[in-house]
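Report on the structure given below.
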């Protein structure tokens with residue numbers, strides 16, 4: 001459990017101060033997203049920040065001029081030019097403010113675009129293990145939200161820059177006339193600031209605590225309205241059950257939100273009174289000085305205006321700084337997410353994948369346990385896959401078949417032992433280059449809500465493909481027959497997410513997915529339960545072609561159907577994470593061991 005989850009008022013300040021270290025990385029991201037936009041925004045804010053002081057000073061001159069007239073001393077020279085100057089400054093302020101708003105909106109779009117892309121890139125390079133960790137999913141969800149919802153932080157930082165300049169100008173003015181003015185203002189404002197930061201931290205702690213519940217609510221909302229779950233929702237009467245769970249979580253979050261709002265209303269209100277007293281104390285002091293003849297009417301106006309501006313901007317500075325600290329707390333997960341480094345990655349100056357592969361793959365005393373567990377899925381596993389071989393991996397669920405696939409593709413690294421490719425440790429090769437020589441179709445393959453052409457072309461996106469290549473891959477996987485039935489052929493959008501999309505059956509989707517593997521034309525082809533959704537006739541057709549298309553290539557096949565695995569050159573039987581039998585179909589039947597037992601059990605079900 002992270003420290004933030006144990007948040008309390010006692011460690012609030014420490015956490016808030018530590019969270020400010022998140023601001024520089026965000027400023028770096030902000031600058032990268034639009035350096036010219038950032039620069040122009042800052043320049044304009046400097047001018048706008050000076051405008052209130054300039055307008056107040058000009059207004060003081062005007063008031064003194066009016067006082068001269070009232071005392072029958074005549075209108076000062078250039079009086080109306082001074083009036084025109086104030087009007088001009090007000091108009092210029094409006095123009096510059098609107099220009100800043102334009103640059104802010106432009107920067108918000110650029111930042112959102114830039115940081116969203118960076119989140120996608122970072123998520124793509126992280127280890128597969130991170131996707132199997134619930135804590136990572138909480139962090140990823142918060143990082144995704146923070147990537148776009150922290151736009152208010154961008155606006156706050158620009159606003160703070162402007163407020164600080166305005167505050168400094170008026171603070172210097174007040175210090176020039178009397179240091180006591182700033183003392184009175186500070187005594188009233190600082191307690192209010194402390195209260196704001198305290199409640200802001202409590203808000204962060206509350207939101208952090210609520211993240212898992214909100215994720216569960218999103219899941220319940222999705223399940224309750226999804227097409228996939230509709231049948232079971234009706235048949236199992238799940239609607240009331242899911243709705244009740246959602247309502248309970250929603251009520252819990254509502255009560256926590258109301259409790260914090262109530263505390264903020266009472267505590268913040270009391271502290272706000274102190275700020276008001278500080279302001280009017282300094283105001284009364286200026287009135288006393290003016291009554292005793294220390295200031296003329298113009299100077300009196302200028303100082304009181306400076307008090308208003310200094311008080312207002314000082315409070316805004318504290319409030320904005322508090323808001324930035326609050327936003328910085330929320331950025332903890334985004335920054336931590338960007339700081340995550342994959343364990344499985346290419347070494348500097350990594351070797352290119354061999355072309356062609358000459359010796360093949362060799363698992364040498366490989367053991368593997370998933371992070372966070374001690375149970376070894378593979379134990380001292382030894383296995384070879386030579387060029388031109390078609391090998392089938394079989395065994396009951398949980399025996400390590402798919403783990404072998406993840407290791408040979410280097411989605412994971414072994415916990416113990418080594419995997420060699422042409423006699424060299426797999427970790428010595430460039431990861432990207434290695435993956436280009438491997439084509440994989442998992443049982444839980446992706447169904448991309450794109451056109452049929454794009455669904456197939458995803459098999460090798462780094463290369464442009466001709467229409468003939470797309471159609472050839474579809475012919476090999478039997479997907480051509482599926483596409484022929486579609487109204488717009490290869491330009492037909494698949495899936496129901498977008499208007500005009502057409503959904504496919506499980507078997508039809510599987511043929512599309514197989515086409516990706518054939519388009520890849522890799523040296524190693526891996527099919528993990530590739531025909532699970534196909535009928536017997538389609539399965540036979542696929543594997544008749546599979547035998548031809550894998551000629552001269554390495555092929556690794558995982559299947560529970562013995563009619564499929566018997567076509568392999570060699571069958572490897574896994575049990576308890578170990579290789580217990582291997583040979584062709586006839587040899588293993590003659591051995592009368594585990595394979596023969598499983599084959600007989602499956603064959604008996606067809607008699």
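The values are calculated or read from the model by the stated rules, or taken from the named source; none is laboratory data. Keep in mind the model is a prediction, meaning the values are calculated, not measured. Quick reminder, even Gly has a Cβ in these numbers, built from the backbone with ideal geometry, and neighbours come from all protein chains shown.
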task = Considering only segment 407-446, state which residues are crowded, with 16+ Cβ neighbours inside 10 Å, farther than 15 Å from residue 524 by Cβ and not assigned by TED's automatic domain parsing to the domain that holds residue 376.
result = 443, 445
ask   = Which of (1) surrounded by 14 or more Cβ atoms within 10 Å (Cβ to Cβ); (2) at pLDDT 75 or above; (3) within 29 Å of residue 583 (Cα to Cα); (4) over 32 Å from the mean Cα position of the chain (by Cα) is the odd one out, the single condition residue 552 does not satisfy?
value = (1)
ask   = Based on what the data block shows, is residue 499 under 30 Å from residue 407 (Cβ atoms), out of contact with any helix residue (DSSP H, G or I) (no Cβ under 9 Å at 6 or more places or on another chain) and surrounded by fewer than 16 Cβ atoms within 10 Å (Cβ to Cβ)?
value = no
request  = May I ask you to list the residues in segment 175-205 that are at pLDDT 80 or above and either buried (at least 16 other Cβ atoms within 10 Å of the Cβ) or more than 27 Å from residue 50 (Cβ to Cβ) (or both)?
outcome  = 177
key: Residue among 39, 108, 49 that alone is within 14 Å of residue 154 (Cα to Cα), touching a residue at least 40 places away in the same chain (Cβ under 8 Å) and assigned by TED's automatic domain parsing to the domain that holds residue 143   = 108
message = Tell me whether segment 82-92 contains one or more residues that are in the same structural domain as residue 43 (by TED's automatic domain parsing), more than 30 Å from residue 159 (Cα to Cα) and in a helix (DSSP H, G or I).
response = no
task = Taking only segment 362-402 into account, find how many residues are surrounded by 15 or more Cβ atoms within 10 Å (Cβ to Cβ) and in a strand (DSSP E or B).
result = 21
query = Exactly one of (1) at pLDDT below 90; (2) touching a strand residue (DSSP E or B) at 6+ places or on another chain (Cβ under 7 Å); (3) closer than 26 Å to residue 387 by Cα is unmet by residue 429. Its number?
reply = (1)
Condition broken by residue 445, with the remaining ones in (1) outside any loop (DSSP other than H, G, I, E, B); (2) farther than 20 Å from residue 354 by Cα satisfied = (1)
message = Anything in segment 406-426 that is closer than 14 Å to residue 383 by Cα and either modelled with pLDDT under 90 or in a strand (DSSP E or B) (or both)? List them, or say none.
response = 417, 418, 419, 420, 421
key: residue 71 touching a helix residue (DSSP H, G or I) at 6+ places or on another chain (Cβ under 8 Å) and either modelled with pLDDT under 90 or over 28 Å from residue 321 (Cβ atoms) (or both)   = no
query = Which numbered condition trips up residue 483, out of (1) on the phi > 0 side of the Ramachandran plot; (2) crowded, with 17+ Cβ neighbours inside 10 Å?
reply = (1)
ask   = Failed condition for residue 325, given (1) assigned to a helix (DSSP H, G or I); (2) at pLDDT 75 or above, with all others met?
value = (2)
query = If you check 533, 590, 513, which single one turns out to be surrounded by 19 or more Cβ atoms within 10 Å (Cβ to Cβ) and either under 25 Å from residue 451 (Cα atoms) or modelled with pLDDT of 85 or more (or both)?
reply = 513
ask   = In this structure, does residue 291 turn out to be in the same structural domain as residue 125 (by TED's automatic domain parsing) and closer than 30 Å to residue 18 by Cα?
value = no
ask   = Taking segment 37-72 as the search range and keeping residues that are farther than 17 Å from residue 299 by Cβ and more than 50 Å from the chain's Cα centre (by Cα), which one is surrounded by the fewest Cβ atoms within 10 Å (Cβ to Cβ)?
value = 72
